[in-house]
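Structure, as structure tokens:
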Amino acid sequence: MRVRDAVEADAEAMAAIADAPADVMRNIVHDRTVRVVEREANARDENADANDADPDDVVGFVSFDVRGDVVHVTQIDGTPDACELLLAEPIRFAEHESMRVELLVTDADGDVAAAAERVGFRNDGSGPRFDGERTVRYRLSPA
């Protein structure tokens with residue numbers, strides 16, 4: 001799999017993965033740092049135009065932003081392997097900027113929770129509720 005910056009043309013694929021409206025995903029691409037993962041067998045030349053991407057090649061995405069001294073993972077979805085690979089993106093940014101990383105995971109997102117734990121996040125207890133759904137806060141303080 002190959003990670004790359006998301007472009008507006010990825011919004012449809014992201015929407016399908018997250019079961020969300022494409023216009024919401026388009027806004028996320030414009031408002032946050034967003035990376036997508038493509039299947040390696042279908043990954044294009046690094047110098048190819050990302051706008052020509054085949055939406056079926058995208059198997060996951062992560063968005064994140066910075067508030068204060070914390071990198072917040074605002075959304076992540078995709079295959080379990082894609083989620084693990086994608087979490088490396090905000091971690092890398094946090095390491096470079098000497099920041100912590102935080103991630104909220106709903107009870108329904110067991111694959112995301114497992115991926116977070118595999119890359120070093122620790123369960124830091126209950127987070128806020130989203131639409132009545134409980135969340136767990138995960139934190140990582142990169143070295």
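We did not get these values from a lab; they are worked out from the coordinates using the rules stated. Remember, predicted model here, so these are calculated numbers, not experimental data. A quick note on method: Cβ atoms are made from the backbone with ideal geometry, for glycine too, and the neighbour counts reach across all protein chains shown.
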Query raised in the report: If we only count strands (runs of 3 or more DSSP E) wholly inside region 83-143, which ones have 3 or more residues that are free of Cβ contacts under 8 Å to residues at least 40 places away in the same chain and of a type in the set (A, V, I, L, M)?
Result: 100-106
**Report entry** Residue that is nearest to VAL71 (Cα to Cα), among those in region 99-143 that are of a type in the set (Gly, Ala, Ser), touching an Asp or Glu at 6+ places or on another chain (Cβ under 8 Å) and surrounded by fewer than 19 Cβ atoms within 10 Å (Cβ to Cβ)
**Finding:** ALA143
Report task. Name every residue in region 1-36 that is in a strand (DSSP E or B) and polar (S, T, N, Q), in order of residue number. Result -> THR33
